[in-house]
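Inspection log for the structure reproduced underneath, given as structure tokens.
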Amino acid sequence: MLTLAMAVAMLMAMGQTPAAQEVVDTTATGLPMQQIGEVTVTTRRPGMSRVAGAENTMRINKAELFKAACCNLGESFTTNPSVDVNYSDAATGAKQIKLLGLSGTYVQMLAENLPDWRGAALPFALGYVPGPWMKSIQVSKGASSVRNGYEGITGQIDVEYLKPEDEQGVTLNLYGNSDGRIEANADGNLHLTPRLNANLLAHYEDNLADMDHNHDHFLDQPNVRQVNLQSRWDWLGDRYIFHGGLAMIDEKRHSGQTQTHHEGAVPFAIDLLTRRYQGYMKHAVVLNAERGTNVALMAAASSHNVDGNYGYKRYDVNETNAYAQLMFETHLTEPHTLSLGLSLNHDRLSQDYSLEHVADGPLTHLVEKETVTGAYGQYTFTPASDVLTLMAGMRMDHSSLHGTFVTPRLHLRLHPAQFITIRLSAGKGYRTAHALAENHYLLASGRRLVINDLHHESAWNYGLTTSWDIPLWGKLLKVNAEYHYTRFEHQMVIDMDTSPNLILIGELDGKSRSHTWQVDVSYPVVEGLELTLAYRYNDVKTAYGGRLREKPLTPRFKGLVAASYKTPLGLWEFDVTLQLNGSGRMPDPYLTDDGHLSWDRHFPTHCLLNAQVTRWFRHFSIYLGGENLTNYRQPNPIIAADNPWSQAFEPTMVWGPVSGAMAYLGIRINLFR
């Protein structure tokens, strides 16, 4: 379905403005009268809006996603002050989300309320969701509902795809940038009967050029060739609803040296071949529409296979996952809602790996298996006065690895006055860490990887959010202030401080906690111009070698200024985003042979500037933009690039942009809509 913003622009472009038709009056007055034709009233939907309810959830819709190229999920948070997306290393192109100052492994990834992108899929998951496929993204911060499981420690990100029941027709999206990357996306909807609908989503991307802007003889970004397909179906009956789909991904990722520094040396190359197959289905039956009583069954299964070579190191994994959930919900009385459910999750990872830089080295075989069964109950109190909303949930799960554990969650929303809303949250989360599968990008490092025994990760999260809607000069000033505290009981710690020759993945030895404060303000300065200002401060510390220290490669603060202007007729849109990324600690450096530090102890504050202009036409739109227009690049993102086979080789010390300024051009075409 087209967003209202697109509908306005297309309506204006077609010249279908409300028109007056003059008609001769035959009454005694003889005066001409005006007969008004059909009038369409439109408004501009905000790109980001807070979801009603007790949870601290923001919805990012198409209007916001269109403000940037948004080629995939990882590139869709450019204008979002809460979510950071950074490269994990300068060689593989792996990206990770950071929420509340912590790694994306503590964010539960969902696809339309189904858990997704687990284990081996995590390092590159942000590139597996094409931007044009997304209808909206919901970002929940802090402890979330127990209905979706026990894993969301710092929050949830739920992607909503385009629906089969959306408007019939086809949309094409073609994209290319100055770094040689091209993309083609298509989505088409077909209403087969009044109740049966289908859609097909297709994506292709490729890199046509080898980019090495800093001349270190390593590709700045990997060459990725990806084919991504998804077929979705639904049946919308009066009491029975079905939704299901099949999906596949085929991706080849190549990175490494463009040429060697020494004659006769073997080029260092990274090659990853990924194939993923997935199917899911949802069934819902309405038992009593008046009381909102319904029962639903959701199920999904996936196979994720990666064949990876990091120089001579090798990592092959075949991960299979099966998930099912049975849910029941009813309104006990008007303000009281009860949700009950049962869940089953099974993970199996078959892994073959060689962690030494030895040609044709022997492979170690490792199988990780876990089956978790669980049950939950959640009560929601929503009185008609809207002054108070209470949501309390509890779930109990049994893991074949970790035994039985309990997950409590509590959310409270207070609305004491029309202009202020207060949200409080508290809850616990758990996670099974798959050290090698989730971090296999670390094999690009020349250091030796050592993995110790790990416990079931667990942490408490507490949150306080206040939102004000303040009338100011005839418009509404929106102010949001948040504080979140996360405290770990057990945690997987990646230690790059203890030894210059080792990367240690082990159990937390001491304390680990995160304090995050954020303030953001938005205001429509003039008609069509929206301005957003945000500032976030992170205080994240973890014990390394028993000593509580600042978490490395984590900016202490982030500032954001975003301005969006749309002309009165909706034909032009201009979007500018400025990010100020704060300084932070680097892992402890070591002395090189010439007596210098291998890298600085801290990384500096730096700015990033992105801009885009969009022109809307009747059946298509053209967008032209640029990223990192300040042309800021991290100097020497790859340590010892001239000797990649040594232990000194280190591409994982990434804190800033690897590539410089980039320009892009794209077109969106609507057919038969």
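Bear in mind that the values in this text are calculations on the coordinates, not laboratory data. Values in this document were obtained by computation on a predicted structure and should not be read as measured data. Note that each Cβ is placed from the backbone with ideal geometry, even for glycine, and that neighbours are counted across all protein chains shown.
Dimensions of the range 160-211 along the principal axes, based on C-alpha atoms and rounded to the nearest Å, stand at 50, 15, 15, largest first.
Taking the empirical scaling 2.2 N^0.38 Å for compact globular proteins as reference, the chain has a Cα radius of gyration ratio of 1.00.
Binning the alpha carbon pair distances of the range 454-516 at 10 angstrom intervals from zero yields the distribution 18, 28, 21, 15, 11, 6, 0, expressed in whole percent. Given axes a ≥ b ≥ c from the Cα gyration tensor, I'd like to know whether the range 221-351 is rounded (a/c under 1.5), prolate (a/b larger than b/c) or oblate. Prolate. If R0 equals 41 Å, the separation of the Cβ atoms of ASP469 and CYS607 corresponds to a calculated FRET efficiency of about 0.85.
In the chain, taking the dipole from charged Cβ atoms about the Cα centre, the farthest positive-side position among TRP117, GLY666, ALA392 is held by ALA392.
In this structure, PHE328 and ASP212 have a Cβ-Cβ separation that, at R0 = 56 Å, corresponds to a calculated FRET efficiency of about 0.45. Candidates LEU229, MET281, THR260 compared by Cα position along the dipole of the range 207-296: farthest toward the positive end lies MET281, with charges placed on Cβ.
Taking other C-beta atoms within 10 angstrom as a stand-in for reagent exposure, TYR623, TYR150, TYR161 fall in the order TYR161, TYR623, TYR150, fewest first. Across q = 0.22 Å⁻¹, the range 523-603 modelled as identical point scatterers on its alpha-carbon atoms has Debye log10 I(q)/I(0) values of -1.00, in the order of the q list. Among THR57, THR567, a tally of other beta-carbon atoms within 10 Å of each Cβ gives an order, fewest to most, of THR567, THR57. Expressed in units of 2.2 N^0.38 Å, where N is the residue count, the Cα radius of gyration of the range 132-282 is 1.40.
In plain terms, the C-alpha convex hull of the range 291-392 casts an average shadow of 9.6 nm² when viewed from every direction. At q = 0.17, 0.25, 0.30 Å⁻¹, what is the base-10 log of I(q)/I(0) for the range 47-98 according to the Debye formula with one equal point scatterer per Cα and no solvent? Please give it to two decimals. The Cα Debye sum returns log10 ratios of -0.60, -1.00, -1.18. The helix-only estimate of mean residue ellipticity at 222 nm for the chain, built from DSSP H runs of length n ≥ 4 each weighted as -39500 (n - 2.57), is -500 deg cm²/dmol after division by the residue total. Derived from the Cα gyration tensor, the three semi-axes of the equivalent ellipsoid of the range 496-548 are 42, 13, 7 Å, largest first. What's the percent breakdown of Cα-Cα distances in the range 66-190 across 5 Å bins, shortest bin first? All Cα pairs, binned at 5 Å, distribute as 2, 10, 19, 22, 20, 14, 9, 4, 1 percent. Phi-derived couplings, Karplus 6.51 cos²θ - 1.76 cosθ + 1.60 at θ = phi - 60°, listed residue by residue for the range 115-131: x, 8, 6, 9, x, 5, 7, 4, x, 10, 4, 5, x, 8, 10, x, x Hz, with x used for Gly and Pro. Go through LYS98/LYS141; LYS478/LYS551; LYS62/LYS558; LYS98/LYS428; LYS252/LYS313 and tell me which ones have a Cα-Cα distance over 22 Å in this structure. Correct reply: LYS478/LYS551; LYS62/LYS558. Packing, taken as the mean count of other beta carbons within 10 Å per residue, orders the peptides 64-71, 291-298, 242-249 from highest to lowest as 64-71, 242-249, 291-298. Find, among the chymotrypsin sites (Phe, Trp or Tyr not before Pro) in the range 414-503, those assigned to loop by DSSP (not H, G, I, E, B) with at most 11 other beta-carbon atoms within 10 angstrom. In loop regions of the range 414-503 (DSSP not H, G, I, E or B), the sparsely surrounded chymotrypsin sites (Phe, Trp or Tyr not before Pro) are TRP473. Peptides 587-597, 394-404 ordered by packing proxy, namely the average of other Cβ atoms within 10 Å per residue, highest first: 394-404, 587-597.
Put simply, the convex hull of the Cα atoms in the range 391-524 casts, on average, a shadow of 12.0 nm².
Among the GluC sites (Glu not before Pro) in the range 194-299, those placed in a DSSP loop whose Cβ has at most 13 other Cβ atoms within 10 Å are GLU263, GLU290. Here the dipole of the range 552-672 is about 780 debye; that uses its Cα centre as origin and unit charges on the Cβ of Lys and Arg (positive) and Asp and Glu (negative). Would you kindly calculate the mean projected area, averaged across all directions, of the convex hull enclosing the Cα atoms of the range 534-673, in square nanometres? Averaging across all directions leaves 13.0 nm² for the Cα convex hull.
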